[in-house]
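A.B. asks: The following block contains the structure, expressed as C-alpha cells.
The values are calculated or read from the model by the stated rules, or taken from the named source; none is laboratory data. Just so it is clear, the structure is predicted and the values come from calculations on it, not from any experiment. A quick note on method: Cβ atoms are made from the backbone with ideal geometry, for glycine too, and the neighbour counts reach across all protein chains shown. For accessibility, only protein heavy atoms count, side chains too; no ligands or nucleic acids. Shrake-Rupley method; radii C 1.70, N 1.55, O 1.52, S 1.80 Å.
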Amino acid sequence: MDQQSVAFSGRELGRREFAGFAVFESLYRPYQKIPKHSHERTYISILLRGSYTEECGPTASECATGQTILHAAGECHSDRFHRNGGQVLNLELFPPFLAKLCESGSVGTDGRTLLRSVYAMQLGLRLHKEVSSCDPWSALSIEGLTMELLAEVFRQRTTGLKSQGRDWLGRVTEILHAKFQEPIMLSELAADVSVHPVHLARAFRKRYLCSVGDYIRKLRIEAACHALLNSDTAIAEIALRSGFSDQSHLCRTLKQYTGMSPRHFRRVSFRKLN
C-alpha cells in the first residue's frame, strides 16, 4: 500500500492546543491495524497502556507500556495493536516551535528515536492527568510538563547517539534492567564492571542525571505501573514482584511519583477502551 499522510488514527481524547504544540490521547481497539502512513509534523508518542508492533522501513519494533518514540515529520510507518489495544499520549510539535528548538544546533529531529525512559513515562502519566483536568492551573502545568518531556527526550537521544558503542556504563544499565527487582549493592555492581564504586556513582549521575538508586526506583515504579494497568494481580503481589519491600512501600513511592495510590491509579487513571 502506498504511503499516506494522515491525521492520527484511533479515538482522540482531551486535545489541548498551545502556541507551539498540542497534547492529546488516542485510544486504539484490540487488534486494530493502521496501514502504512506518515504525519506532516514531528511528534512524540508515549504508550500509556497496551502494546503494539510498529514497522518503519525494514525494522519492526515491539512497543510495550512505557515506550516513548520521537517520530520525525514525514516518517513512514504502520502499526498493529495487540490483544488489549492501546492508549497513547501524543505531543505534536508545530513547525515554528520546532524550528526554535533546533536553532541552537544541539537539537536534531532528523530520524526517529525509540527510548525507554521511566522519567518520560512518569511525565506522560502526569500529562494524562492534567489533560483530563479542567482546573485553572492545568494549562500552566501542561506547558511545564511538556518542556520537561522535551528536555528528557532530546537528552536521552543525545546520550544514545554519543554512546552507541558498548561501554561499561551501558553494561551497568543492562544489569539494572535485568535485576531491579532484587537488592542491588553499589559495590557489587562496580565489581561486575571492574570499576571503583565512587567512580561508578559519579559517572552514572553525570550520564543519566540521577543516582543508581533513583534509577532502580524508577524501574520498579515502571514495572508496578505496567502491572497495575495490564493485570488484576493483587497490589501486595505487584509490590513484591516489582522489587518493593511491601505494599506500603509501593504506595508511598507511587504516590510520590504520580500523586495517586495504587488502588486509585488502577481504578480511575485510564478510561476503558470500547
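A.B. asks: Counting only residues that are assigned to a loop (DSSP other than H, G, I, E, B) and in contact with a helix residue (DSSP H, G or I) (Cβ under 6 Å, 6 or more places away or on another chain), how many does region 86-105 have?
C.D. replies: Of the residues in region 86-105, 0 are assigned to a loop (DSSP other than H, G, I, E, B) and in contact with a helix residue (DSSP H, G or I) (Cβ under 6 Å, 6 or more places away or on another chain).
A.B. asks: Scanning for something closer than 25 Å to Cys134 by Cα, surrounded by fewer than 21 Cβ atoms within 10 Å (Cβ to Cβ) and within 17 Å of the chain's Cα centre (by Cα), does region 81-89 turn up at least one residue?
C.D. replies: no
A.B. asks: Here are some residues: His128, His77, His71. Which one is over 15 Å from the mean Cα position of the chain (by Cα) and not charged (D, E, K, R)?
C.D. replies: His77
A.B. asks: Whether any residue in region 90-100 is in contact (Cβ under 8 Å) with a residue 60 or more places away in the chain, of a type in the set (Phe, Trp, Tyr) and open to solvent by less than 40 Å² (accessible area, probe 1.4 Å) is what I want to check.
C.D. replies: yes
A.B. asks: Since Tyr215 meets every condition but one in (1) in contact with a Ser or Thr (Cβ under 8 Å, 6 or more places away or on another chain); (2) of a type in the set (Ser, Thr, Tyr); (3) more than 26 Å from Ile238 (Cα to Cα), which condition does it not meet?
C.D. replies: Exception for Tyr215: condition (3).
A.B. asks: Read through the list (1) open to solvent by 60 Å² or more (accessible area, probe 1.4 Å); (2) modelled with pLDDT of 85 or more, then give the number of the only condition that Asp135 fails.
C.D. replies: Among (1) open to solvent by 60 Å² or more (accessible area, probe 1.4 Å); (2) modelled with pLDDT of 85 or more, the lone unmet condition for Asp135 is (2).
A.B. asks: Related question: Would you be able to say whether some residue in region 63-78 is acidic (Asp, Glu) and part of a strand (DSSP E or B)?
C.D. replies: no
A.B. asks: When region 8-33 is examined, which residues are found to be among the aromatic types (Phe, Trp, Tyr) and either touching a Cys at 6+ places or on another chain (Cβ under 8 Å) or within 25 Å of Thr53 (Cα to Cα) (or both)?
C.D. replies: Phe8, Phe24, Tyr28, Tyr31
A.B. asks: If you don't mind, there's one more thing I want to ask. Among the residues of region 44-73, how many are closer than 23 Å to Met147 by Cα, open to solvent by 10 Å² or more (accessible area, probe 1.4 Å) and not basic (Lys, Arg)?
C.D. replies: 3
A.B. asks: From the set of residues in region 24-41 that are among the polar types (S, T, N, Q) and open to solvent by less than 10 Å² (accessible area, probe 1.4 Å), which is nearest to Glu75 (Cα to Cα)?
C.D. replies: Going through the qualifying residues, I end up with Ser38.
A.B. asks: Additional query: Going by the structure shown, is Ser104 of a type in the set (S, T, N, Q), at pLDDT 90 or above and surrounded by fewer than 20 Cβ atoms within 10 Å (Cβ to Cβ)?
C.D. replies: When the stated conditions are applied, Ser104 does not pass them.
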